[in-house]
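Right, one structure below, let's go through it.
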Amino acid sequence: MSVASFIPEIWNAAIKEPYEKALVFGQPSVASNAWLGQITGVGDTVNISRLTAPTVRDYVRGEGITVEQVNTATTKLTIDQGKYFAFSVNDVDKVQAAGDFQGPATNAAGVSLRDAVDQYLSQKLASNVLAANKLGTIKVVNDRPELAGDGQTTAFKVLVQLSNRLDKQSVPTSGRYVIVGPNTYSALLMDERFTRVDASGDANGLRNGIVGRAIGFDVLVSNNIQSTAGRELATAGVADAFAFASQLVETEALRDPADFGDIVRGLHVFGAEVTRPEGIATADLDITDPVAPAPAGA
């Protein structure tokens, strides 16, 4: 690699490949990314317009019909987040290296961007949920269902409850997902109702982070879920309820003025917004070991 041979488009493509492959909260099955090409930098605003449903009226033969104007509801998606990377490759290291620096460097940049963006999206997705769609704190047994003690339930039952909240909001059943943390996934694996469904297999398993299907959900696991005092927030929904836009707007190379080497740096801008709060449901899971039964006579 050298400044003379640096081609931004090649580096952008190489960085985006590991970045996009690793996103969980930002993948198309979780967040709609139809507006990716509409941003150029921090401060841009994308207007997301949706048609409101027309009124359905009774028809009476011989009477006139009422024609109403089609209205739109607009959500503003502001590109208010920016992350950059910058690294230097010394000329001596380039000469002594057995292989090319570009592969490892681009992979490292992509993975770092992935984690930063996914953490932001996780927080953003959970920030605008209808009160009726929040299950609150639930104690979940991290063992077989029959060992659940007083006040404990199973992770599988929580998925049923999340599905029920979405059903009550008339959220489409197609394309539903639920993202859980590693402890919640562990609790799901203790329940054969989940493992039996998972064993059936699904071509969708190639998507980022997916570990199975249950209750009509693609089940994904991520270390970037929201966590409070050790509890894990499970988030269920559909991609149409969440919008995400990002762009690697600048990648450039220059000679290091303080050393003999090249500097490569890039700027990544992004933003996200919940567009349909009714399309998301959450549960705050306290994953604990089985509660021992109280002694007789206690």
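The values are calculated or read from the model by the stated rules, or taken from the named source; none is laboratory data. All values reported here derive from a predicted model rather than from experimental measurement. Glycine gets a Cβ as well: all are built from the backbone with ideal geometry, and neighbour counts include every protein chain shown. With ligands, DNA and RNA removed, areas are computed over all heavy atoms of the protein, side chains included. Shrake-Rupley method; radii C 1.70, N 1.55, O 1.52, S 1.80 Å.
Expressed in nm to one decimal, what extension gain is obtained for the pair THR74 and SER227 from 0.36 nm per residue of sequence separation less their Cα-Cα distance?
Contour length minus Cα-Cα distance gives 52.0 nm.
Distance in nm between label sites at GLU63 and PHE87, each 7 Å beyond Cα in the beta-carbon direction?
In this crude label model, GLU63 to PHE87 measures out at 7.1 nm.
Quote to one decimal, in nm, the extra length available between SER174 and THR195 on full extension: 0.36 nm per residue of separation minus the C-alpha distance between them.
In short, 5.4 nm is gained.
A 20 angstrom limit on the alpha carbon distance is what I want to check against. Which of LYS134/LYS168; LYS139/LYS168; LYS134/LYS157 exceed it?
Going by Cα-Cα distance, LYS139/LYS168 fall outside the 20 Å limit.
So, for the range 230-272, what is the accessible surface per residue at a probe of 1.4 Å, expressed in square angstrom?
For the range 230-272, the per-residue accessible area is 34 Å².
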